[in-house]
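What follows is a short report on a single structure.
The values are calculated or read from the model by the stated rules, or taken from the named source; none is laboratory data. The shown structure was predicted, so the numbers you read here are calculated from the model rather than taken from an experiment. Backbone-built Cβ (ideal geometry, glycine too); neighbour counts: all protein chains shown. These accessible areas exclude ligands, DNA and RNA; they are computed on the full protein's heavy atoms, side chains included. Shrake-Rupley method; radii C 1.70, N 1.55, O 1.52, S 1.80 Å.
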Amino acid sequence: MFDFSGKVVLVTGAASGLGLDCAAAFVEAGAQVMLTDVQVEPGLAAASRLGEKTAFLEHDVRDESRWQQVVKETVERFGGLNILVNAAGIAMYAGIEDTTLAQFRNIHAVNVEGVFLGCKNAIPAMRQSGGGSIINLSSTAGLRGVGKLTAYCSAKGAVRMLTKSVAVECAEKGDNIRCNSLHPSYTDTPMVQGLINLGGDPQLMRRRLEKVSPMNRLGEAREVSNAILFLASDQASFITGAEIPVDGGTTAR
């Protein structure tokens, strides 16, 4: 469906979950992909499985100097940078009274500062490559309030507006760089499985999460990856600054 032959993609949080599936989808579509994550062994194993068009770098997205090095090594390895997927993220299930300031700051450091640093450092490399596309993974929690997801909702809402600002700036400068945010609902990934297992009855918790969507099921990772590939492709050439829910109708209610 998509052809990314000759394109270079950088995916953060690519050792597992949506980041890994996204990286695999780009490889299947012909791209060269740099996977990054703080999880080194799973990341190296993933790159090995995905083949010679990939490589892996250890990467804490909170670290500005590491971002600079990751972008530099990606360009040196593959000859440029065309697409950035900011997929790295963490979540915490806690209400506002139970969330410490340190926890709140860490959620924002990974989920917001990581995206900010990614955009900041990728844009010059994309400009040198003739343009590109940035896809920032937010969440339906960045579009609607969810109780006991205080820090996560706040962070994902910030990603939404950061994306719009970057999109407008790049368009006004004529950089040929698009920037959009994707907003999945509960998707069957290790992070959501961890949330399910926090409940006293995992089967009951899973049924509750499935009912969040009018379609009465969790999303599948490839359904999110397909949306990412569309936004990265030339077929989405007039789409920038958009917020795209991939949520089985959750935000339509």
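If I filter segment 1-36 down to residues being in a strand (DSSP E or B) and open to solvent by less than 10 Å² (accessible area, probe 1.4 Å), which single residue comes out as farthest from G89 (Cα to Cα)?
In this case the residue turns out to be V8.
Can you pull out the residues in segment 72-109 that are out of contact with any strand residue (DSSP E or B) (no Cβ under 7 Å at 6 or more places or on another chain), in a helix (DSSP H, G or I) and among the hydrophobic types (A, V, I, L, M, F, W, C)?
V75, I96, L101, A102, F104, I107, A109
Inside segment 101-144, can you point out the residues that are closer than 21 Å to Q68 by Cα and charged (D, E, K, R)?
E113, K120, R127, listed by residue number.
Somewhere in segment 157-174, is a residue assigned to a helix (DSSP H, G or I), in contact (Cβ under 8 Å) with a residue 12 or more places away in the chain, among the hydroxyl-bearing types (S, T, Y) and over 17 Å from G89 (Cα atoms)?
no
Just give me the residues in segment 39-55 being touching a strand residue (DSSP E or B) at 6+ places or on another chain (Cβ under 7 Å), free of Cβ contacts under 8 Å to residues at least 24 places away in the same chain and outside any helix (DSSP H, G or I), in sequence order.
A55, the sole residue that qualifies.
Quick test of your reading of the structure: S213 fulfils all but one of (1) open to solvent by less than 20 Å² (accessible area, probe 1.4 Å); (2) closer than 30 Å to G131 by Cα; (3) more than 18 Å from the chain's Cα centre (by Cα). Name the failing condition by number.
Condition not satisfied by S213: (2).
Of all the residues that make up segment 216-252, how many are hydrophobic (A, V, I, L, M, F, W, C), free of Cβ contacts under 8 Å to residues at least 60 places away in the same chain and open to solvent by 50 Å² or more (accessible area, probe 1.4 Å)?
2
When you scan segment 55-111, how many residues do you find that are of a type in the set (D, E) and either surrounded by 23 or more Cβ atoms within 10 Å (Cβ to Cβ) or under 16 Å from the mean Cα position of the chain (by Cα) (or both)?
Here the count works out to 1.
Being more than 17 Å from V224 (Cβ to Cβ), of a type in the set (K, R), touching a residue at least 40 places away in the same chain (Cβ under 8 Å) and outside any helix (DSSP H, G or I): is that true of R144 here?
So R144 passes the test.
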